[in-house]
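The next block holds one structure in the form of structure tokens; read it before the comments.
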Amino acid sequence: MTTASSKVFFLPIEKMDSNTLVALFETAGFTDIFKKDDLVAIKVHFGEPGNTAYLKADNVKPIFDKLKTIGTKPFLTDANTLYKGMRANAVDHINSAKLHGYDFAPVIIADGLNGKD
């Protein structure tokens, strides 16, 4: 039995900048996957206010911008949390996203207003 192997790309955090992120996006072949007018979800953990363990907005924006140049319709998405906090409902969740710099793109909370959809 033969198994196919996948290419894995690794980018150390200290080398993460706009140009390198876009180059990685292109090297991975994503520019060939997405077409004009495709709706493209970028799944992001927006982070709880006061917490630093989340992907920073300036690491996501270059990918968002690249998708726009292809002609896609990208948006950011996440799901509400089960625990009480600033990401337990869509309104607070979107406000948390904005607080952490995710105000450059449409944000759609995938499981609805109260996390039950």
Computed FRET value (nearest 0.05) for D58 with N114, which takes r as the C-beta separation and R₀ as 22 Å: 0.15
Any chance you could run the full-extension gain for E26 through S6? It's 0.36 nm times the residue separation minus the Cα-Cα distance, nm to one decimal. 5.6 nm
What length, rounded to one decimal in nm, is gained on full extension from K15 through to F104, with 0.36 nm per residue of separation minus their alpha-carbon distance? 29.7 nm
Which value, in Å², gives the accessible area per residue of the chain when a 1.4 Å probe is used on the protein heavy atoms? 65 Å²
Check K73: other-chain or 5+ apart residues with amide H under 5 Å from its amide H, H built from backbone geometry? D37, D38, L39, V40
tail above 24 Å in the computed P(r) of the chain, as % of all Cα-Cα pairs, reads 35 percent
As an exercise, identify the trypsin sites (Lys or Arg not before Pro) in the stretch 10-117 lying in DSSP coil whose Cβ has no more than 16 other Cβ atoms within 10 Å. K35, K36, K56, K84, K116
Once phi is turned into ³J(HN,Hα) by the Karplus curve 6.51 cos²θ - 1.76 cosθ + 1.60 with θ = phi - 60°, what whole-Hz value does each residue of the stretch 22-34 show in order, with x for glycine and proline? 5, 4, 5, 4, 5, 4, 6, x, 5, 5, 8, 7, 8
Magnitude of the charge dipole, the chain, Cβ model with Lys/Arg +1 and Asp/Glu -1, debye to 20: 80 debye
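Summing -39500 (n - 2.57) over the DSSP H runs of n ≥ 4 in the chain and dividing by its residue number, what mean residue ellipticity at 222 nm do you reach, to the nearest 500 deg cm²/dmol?
Theoretical 222 nm ellipticity from helices: -9500 deg cm²/dmol.
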Output ³J(HN,Hα) for the stretch 94-106: one whole-Hz value per residue in order, computed from phi by the Karplus curve 6.51 cos²θ - 1.76 cosθ + 1.60 with θ = phi - 60°, and x for Gly and Pro. 5, 5, 5, 4, 4, 4, 9, x, 8, 10, 8, 8, x
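The values are calculated or read from the model by the stated rules, or taken from the named source; none is laboratory data. Note that the coordinates shown come from a computational prediction; the quantities given were computed from them, not determined experimentally. Reconstructed Cβ throughout: ideal geometry from the backbone, glycine too, with neighbour counts over all protein chains shown. Accessible surface areas use protein heavy atoms only, side chains included; no ligands, DNA or RNA. Shrake-Rupley method; radii C 1.70, N 1.55, O 1.52, S 1.80 Å.
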